[in-house]
Each structure stands twice: as C-alpha cells, then as structure tokens.
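Q: Sharing a structure, written as structure tokens. Questions coming.
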Amino acid sequence: MKSQRYIVFLILWAIPVVFKQLLEGILDKYWIEPIASKFEPSIFADVVVIMILGIVVVHFIYTKWIKVLLDWEGVLVAFLLCSYLYFYRLKLFGFEHWKFTGTILWQSVSYVDIVLLLPVVLLLYKLIPQEPHQTESFNKEYTLLDDSPITSIANDSLSRKDFAAFVAKYIHNVNSSRSFAIGINAKWGDGKTSFQEMVGGYVKAADPNTIIFGFNPWRSLDEKRIILDFFDTLSENISTYNTSLGKEISSYGKNLIGANQSWWTSLIQTLLSIEKTQENLFEEINSDLLKINRKVVIFIDDVDRLSKKEIMEIVKLIRSSANFTNTVFVVGFDQDYIHEALTDHNEYGSDDFLEKIFQIQFDLSHIPANVIVQKLKEILEEMLPEYKTQIEGVTGYQPSSKEALGSFFLGTQNKGDFIPSILKNLRDVKRFANFFTINFRVVSTEVNFEEYFYLALIRFKFPRLVKKIIGNEKGI
C-alpha cells in the first residue's frame, strides 16, 4: 500500500519535469511577475531570513515530538517539492529559466538557498539517533496492577491463543447473505475481552482487508442510545472505505430510533419524492456492502453488564436491524445471565431462544485453581520480594494424604483449596494482590504473614461481613 503511494508521488513529481515550460509559464504569470520581481534585497531581509532559518533549526532540535510525527514519507515529499528549485539553482537538465536574487551580506548565497537547506535539515534530523527517553526510575514493589485485557498474543497467560486461532478460522470462512453471530461464553472476569482481542488479531492477520472494530454497549446511556451509538460506530468504520455507504448506515440508524431529520432534508425528500423506507435503506446498505467486498467483524463486549432491556436491544441489532450481508458479530457474555434476561422477556421467553441468536457458541473453560494460585504467587513475589518464603508457604501448600482423604469423605475444605475458593479469576487475583500488598505494608512489622494473608482473603471477599464483625455498621 505504501509503495503505491510512493509511485503516485513520483508520477506527480514527474509532471512538472516533463512539462517544465507549462510550469514556468504558470509561475511567471501568478508569482514571478506580480510578486517575486518586486522584491528588492536588503540587510533587513537578510537578517529576517537568517532568523527564520535559526528558529526552524532550533525548533527541530528541541521539539522532540516532530521527529516522531515526521515520517520518511514526509521527508521524501519535502525533497520532491524542493527538487525543482535545486534543478534551477544548479542549472540541471535544461532548467535555466530563472536566476535567483542574491543576499546583500553574501552575494554568492541567494535567498532560495535558505529554502533549499530545510529539506536537508529534515533529513539530518531524521538520521541523527534520538536520545533514549529518560524515565524516572520506579520500584516494582510499589506499583499496582490493572486488570485491563491483554492486547498481544505474547501476553496470553492462560494458553488460549490456539483456541483463539481456531475461532478466527471460522470467522475467516464465514460467507453469509445475512449476519452471522458467534457467542463467546464465560463467567465475568474469565478473560472474554482478552480472548476477543486475540481472535481479532488472528482474523486481521488472515485477511488484512477485513473491517474489524469493537463496540461496547455498556458505555451507552440507555437502550435507545445503544442503537444510535452502534450505527455511528459502524458508519465511522465503513466510511473509510465508502463514504456514501457510511452516510447511508448513519441515516438508517437514526431512522430506526425515530431521530428527527433536518427540515431542509425532509423538504428536499418531499419535493423530489425520494423518501426511503427502512426496508429500502436496508437493501441499499446490503447492496453497497457487497460492492466494497470486505467482511465486517464486530466484537461486542460487556453484554452481561447491561440491563435486561438493553440486552434485548443488542439481540434485535444482531438478528434484525443490523442483519447485514457478510457481517459477523462476536459477542462475549455470561450465558446464565443472558438466558435469564431472555427468559424474563415476554416476547422472547423460550429456553432455546439463545440458540436462535447465535449460530455457534464457544465456551471458555473456567480458569483452573492451580493457575489462579500460581499467578497469585508470581505476582506477590514480584510485589513483596522480601517475603518470598512466606508467600511460598501460603500459595504452595500441599495437603497430606490424611487431610486429602478427610476432606474427600467428610466434605471439609483443606488449606490448599482456600485461595481458589475466594479468587475465581485473574481479575480477582490482581485486585487482591493490590489490596493485600497495600494493607500488609502498613502493618507488616506487627502481624504474622500467614494469618494476615488468610484474614485479608476473607476481608477481600466479604467486606460487609467483616464490617459487621468489627461493629462498623449500624445495629451491632
């Protein structure tokens, strides 16, 4: 794609070279005769030009962001634009139509030489290695963890990348006259968002032409706004490839929720009798989607955070109002919660309705207890390295045969099962690690590590219960 742009640049650059007399005639008429020929060199002009050059050079040296923003494509364009001046200044290839005004201070140096220096400054600035960014040193022991989803397959700590590639193959091979919906079922905090990120990466790698974007309905204010926000997002992503189709989609979304058109739009449609029904708009969008010949993959997340009414709007989008050709929805949800929302809705109360929404559903396995314990151990050892022995003691506990048999026959719980009974997913692990580390550092010299650890687990899981026990709530 970038090579094609370079070819276009070179073709445009070659036009004035081939038709140089035309270039000279245009510039003579509109620049040289009315403006440039009236310019008289002076000491004042020399000083101003030198000052401008100095400001530009200093600006490049001390404004580091320019080096980041200015890419090699920009440097090439600067040289191509100035190349005509180089030809005339050096009298190359028959370019001798103009002579350039010399400065007062240095007769051999013309004013145009200052302009010709600028691309050279750009080039040198890009070639000079940039000093490494100096960041303030930080102590890992005092950093807090966030629970944001992973954005790289390299960070796949749950070994789900092969499964993500498997799902991506299904998406890549979808070819449907209407939308195709795929469900990703997992409990809250079990990594649905991270899994969707990996799937999207594999889909894009398989076909770079695929239009991929995410939509989070949880950020919308209400169920009506969900529809408008969805079609605005779809319109924005489609407009990159087809502007008129993007406008059609935006108009279609506004019509769905009955958004008022401007008075002049309504007047023109009435006078010209071109008012379109929803069905007309829907079919036009389908037809234009076929023309751009790109699969549209939409990832929808956080559905299990929505109200039941909002969930029904997402269902209608997928199965009805956004049921467009060659469009794939990948929706992350907790099946139990979604099923409850559908069951409670009068119109869609059948138990098997979920199967009618999603043509295929993939279930993410619950995170194994040993993985949760191991991740907690690794995180705590990094945050509290001086307590490595104690951390191994609370996270590496292995019950004896007698304890294991006792817990099996008596239904009791041994110490080795306690952590995963409280922390259900990696989000819980990170949140607890932050919670425990901050609080333990305050009292580390006054408490026993193991006892405080287990009490902290209980407090983390049952904060209201702990408040009641210590008498911080009314009625105690």
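Q: Of all residues in the stretch 17-59, count the ones that are under 21 Å from I104 (Cβ atoms) and not in a helix (DSSP H, G or I).
A: Of the residues in the stretch 17-59, 5 are under 21 Å from I104 (Cβ atoms) and not in a helix (DSSP H, G or I).
Q: Can you tell me how many residues within the stretch 90-121 are touching a helix residue (DSSP H, G or I) at 6+ places or on another chain (Cβ under 7 Å), outside any helix (DSSP H, G or I) and farther than 19 Å from E33 by Cα?
A: Qualifying residue count, the stretch 90-121: 4.
Q: Next up: Test L10 against the stated conditions and say whether it is part of a helix (DSSP H, G or I) and under 45 Å from the mean Cα position of the chain (by Cα).
A: When the stated conditions are applied, L10 passes them.
Q: Continuing with the same structure: Out of R160, R178, report the one residue that is within 30 Å of Q359 (Cα to Cα), modelled with pLDDT of 85 or more and in contact with a Gly (Cβ under 8 Å, 6 or more places away or on another chain).
A: On the way: R178 fails: in contact with a Gly (Cβ under 8 Å, 6 or more places away or on another chain).
That would be R160, the only listed residue that is within 30 Å of Q359 (Cα to Cα), modelled with pLDDT of 85 or more and in contact with a Gly (Cβ under 8 Å, 6 or more places away or on another chain).
Q: Let me ask another. Output the residues belonging to the stretch 419-449 that are part of a loop (DSSP other than H, G, I, E, B) and within 27 Å of the chain's Cα centre (by Cα).
A: Answer for the stretch 419-449, where residues must be part of a loop (DSSP other than H, G, I, E, B) and within 27 Å of the chain's Cα centre (by Cα): just N425.
Q: Collect the residues in the stretch 282-307 that are over 24 Å from the mean Cα position of the chain (by Cα) and within 18 Å of D229 (Cα to Cα), keeping them in residue-number order.
A: Once the filter is applied, which keeps residues that are over 24 Å from the mean Cα position of the chain (by Cα) and within 18 Å of D229 (Cα to Cα), the stretch 282-307 yields F282, I285, S307.
Q: Could I ask something else about it? Filter the stretch 379-422 down to residues that are modelled with pLDDT of 55 or more and of a type in the set (V, I, T) and give me whichever is surrounded by the fewest Cβ atoms within 10 Å (Cβ to Cβ).
A: Restricting to residues being modelled with pLDDT of 55 or more and of a type in the set (V, I, T), the top hit is T389.
Q: Only residues that are touching a residue at least 40 places away in the same chain (Cβ under 8 Å) and of a type in the set (A, V, I, L, M): list them for the stretch 308-341, please.
A: M312, I314, V315, L317, I318, A322, V328, V330, V331
Each row is one residue, and each column tells you yes or no for (1) modelled with pLDDT under 80; (2) surrounded by 13 or more Cβ atoms within 10 Å (Cβ to Cβ); (3) within 16 Å of L124 (Cα to Cα).
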position	(1), (2), (3)
V17	no, yes, no
T63	yes, no, yes
D71	yes, no, yes
A78	no, yes, yes
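Q: Right, next: Would you mention how many residues in the stretch 357-382 are over 18 Å from I184 (Cα atoms) and in a helix (DSSP H, G or I)?
A: Within the stretch 357-382, the first condition is being over 18 Å from I184 (Cα atoms), and the residues that meet it are 368-382.
Then drop every residue that is not in a helix (DSSP H, G or I), which leaves 369-382.
Number satisfying all stated conditions: 14.
Q: Further, regarding this structure: I'd like the residue in the stretch 448-476 that is of a type in the set (V, I, T) and at pLDDT below 85 and, out of all such residues, is nearest to F432 (Cα to Cα).
A: By that ranking, first place goes to V466.
The values are calculated or read from the model by the stated rules, or taken from the named source; none is laboratory data. Predicted, not measured: the structure shown is a model, and the values here were computed from it. Backbone-built Cβ (ideal geometry, glycine too); neighbour counts: all protein chains shown.
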